[in-house]
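These notes are about the structure you will find just below.
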Amino acid sequence: MKVAIIGAGLAGCALAYVFKKSGVKVKVYEAADKIAGGASGNDVGLYNPRFFAERNPESDFYAAAFALAIRSFYRFDDVGWNDCGALHLVTNGQKEGRFPKTVRSWQWEPEHMRMVGAQEATEIAGVQIKQDALYLDDSGYISPRKLCEFYMRDVDIEYEADIAKLDDVEADIVILANGYGAKSFVPWLPLSRVRGQLSYYTQGANSSELKTVLCYGGYCTPSIGGVHAVGSTFQRGEADLELRSDDDADNLSKLEAVVPKLASGFEFVKARAGVRTTVKGHFPIIGKVPAVENLYVSTGHGSHGILSSLMGAYLLVDMILERPLSLSSDTVQALCPSRFEV
Ligand SMILES: Cc1cc2nc3c(=O)[nH]c(=O)nc-3n(C[C@H](O)[C@H](O)[C@H](O)COP(=O)(O)OP(=O)(O)OC[C@H]3O[C@@H](n4cnc5c(N)ncnc54)[C@H](O)[C@@H]3O)c2cc1C
């Protein structure tokens, strides 16, 4: 079987990795001259499931993806992984209602997911926290760029291959893993673009004590070699990659608003902008494209691509190799492109 994967971001690289593990040779086609040149090129990213107040096909996907990531990441080498835990701070009334409901309905053991008061959050974080929080002990950060490089070891790739039509690749099976570009092959996919910028700052006197990731709408990692990743902005419908100093200020001010003294002494190091691909309903599109023979897609990974790309890769490889699927049929249906077909 000849498999072609279009796109070498997290989605395409994870697919190549899972095929490689299954003994199937693939070829990846990438428009840029390197791996992870698009949204997946950040030095640091968080892996957190998307929270839903109730268990449903969507939450089942992210719960399974989170468990899969934890089972997988500790075996990967040189991917900048740290399971330092994440505190999701209760910063508004909506989260005050939703987070405890999530904890109740997901029914994970308290050592894996629980609500903590501000006092316990302070002890966990190592810095003063004024909010209650949902705590995920197994969460943390990893380098998406290094993850892509790890996935792609010993995989055949053609760079500067901007595929315009399916006939341009010679394969029995083609998988679109090219973010927003999937639309040029399947125009009815309801994809949109959301620009984002991630900023990096040297640690200050207070922040060096931070032990866990903090999430509050934005996010701040513990110091990684003396530098914090502070993210990230959301600009719907925008796709330019020019860096904006306003975005760095915005990332910093969101942090200062929730943990006031943490950023004192921060000095700007660098920033990177990227473009997320999102979907109407904010759930990725992973499955077989209807009415086109042997065409599959993995896109719309939004802000949670670290988890959804790997889970999506296992799902697609199992489908293509006709193995049993590890997700329920409701979840497979919720991911399927045909949910949008016109
Ligand atoms: C600022 C920012 C912060 C983020 N933080 C996090 C985070 O903390 N945690 C998390 O889980 N996610 C995060 N994300 C989201 C995550 O990065 C994305 O979900 C993920 O990178 C999507 O991967 P992808 O492979 O679908 O897309 P991309 O990484 O964009 O890859 C698509 C690839 O396809 C190639 N391509 C396009 N068209 C063609 C074509 N016709 N032929 C050949 N190649 C083509 C492109 O060049 C590109 O390399 C963040 C994103 C941004 C922008």
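At-a-glance table
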item: Count - residues of segment 223-249 that are over 24 Å from Arg195 (Cα atoms) and either assigned to a loop (DSSP other than H, G, I, E, B) or without any contact (Cβ under 8 Å) to a residue 12 or more places away in the chain (or both); result: 3
item: Residue pairs meeting the criteria (Cβ under 9 Å; at least 6 apart or on separate chains; first assigned to a loop (DSSP other than H, G, I, E, B), in segment 162-188; second of a type in the set (Val, Ile, Thr) and surrounded by fewer than 19 Cβ atoms within 10 Å (Cβ to Cβ)); result: Ile163/Val169; Phe185/Val292; Val186/Val292; Trp188/Val342
item: In segment 42-62, the residues that are surrounded by fewer than 19 Cβ atoms within 10 Å (Cβ to Cβ) and not in a loop (DSSP other than H, G, I, E, B); result: Pro57, Asp60
item: Complete set of residues in segment 256-306 that are hydrophobic (A, V, I, L, M, F, W, C) and crowded, with 24+ Cβ neighbours inside 10 Å; result: Leu262, Ile285, Ile286, Val297, Ile306
item: From Leu198, Leu243, residue being surrounded by fewer than 20 Cβ atoms within 10 Å (Cβ to Cβ), within 19 Å of Ala271 (Cβ to Cβ) and either of a type in the set (Phe, Trp, Tyr) or under 24 Å from the mean Cα position of the chain (by Cα) (or both); result: Leu243
item: Some residue of segment 170-178 being under 16 Å from the mean Cα position of the chain (by Cα) and either crowded, with 17+ Cβ neighbours inside 10 Å or near the ligand (Cβ under 8 Å from one of its atoms) (or both); result: yes
item: Check on Gly274, touching a Lys or Arg at 6+ places or on another chain (Cβ under 8 Å) and either away from the ligand (no atom under 13 Å from the Cβ) or within 20 Å of Cys84 (Cα to Cα) (or both); result: no
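Each reported figure results from applying straightforward, stated rules to the coordinates on display, with no laboratory input. Note that this is a predicted model, so its numbers are computed, not measured. Ideal geometry is used to build each Cβ from the backbone, glycine not excepted, and the neighbour counts take in all protein chains shown.
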